[in-house]
Amino acid sequence: MSKTEPKSTIPTNPEEHELVITRVLDAPRALVWKAWTEPERVKRWWRPKTFMSPTVKIDLRVGGEYLNCMRSSEARTFGAKVSIVKSLCRSGSS
């Protein structure tokens, strides 16, 4: 029996792929916005408990980037870098 290797693809058209996260929180909208968009706040919560986040950079303008680097207690580094190609932010969100 042959084993089929999983295939991974990289989207060539960002318009075809999107990530939508929906959650109802018992907190003021402005505070939730800050928790997701201010690097010092993101460093405190967007990671596993045993990790630290030495680097978080957030520029949500079109052409900007979101960068999050996490480090485990074993000194392994994991990261994400996202390029902002379209903004759906409403006026007054920030």
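Things to note:
- Of all the numbered requirements in (1) modelled with pLDDT under 90; (2) assigned to a loop (DSSP other than H, G, I, E, B), K49 misses one, and that requirement is (1).
- Failed criterion for A30 (all others in (1) exposed (fewer than 10 other Cβ atoms within 10 Å of the Cβ); (2) in a helix (DSSP H, G or I); (3) among the small types (G, A, S) hold): (1)
- Qualifying residue in segment 52-61 (condition: exposed (fewer than 10 other Cβ atoms within 10 Å of the Cβ), at pLDDT below 95 and under 20 Å from L19 (Cβ atoms)): yes
- Looking across segment 62-77, the residues that are surrounded by 13 or more Cβ atoms within 10 Å (Cβ to Cβ) and not in a loop (DSSP other than H, G, I, E, B) come down to E65, Y66, L67, N68, C69, M70, R71.
- Residues that are charged (D, E, K, R) and not in a helix (DSSP H, G or I) within segment 33-46 comprise just one, E38.
The values are calculated or read from the model by the stated rules, or taken from the named source; none is laboratory data. These numbers were taken from a predicted model, which means no experiment stands behind them. Virtual Cβ from ideal backbone geometry, glycine too; neighbours counted across all protein chains shown.
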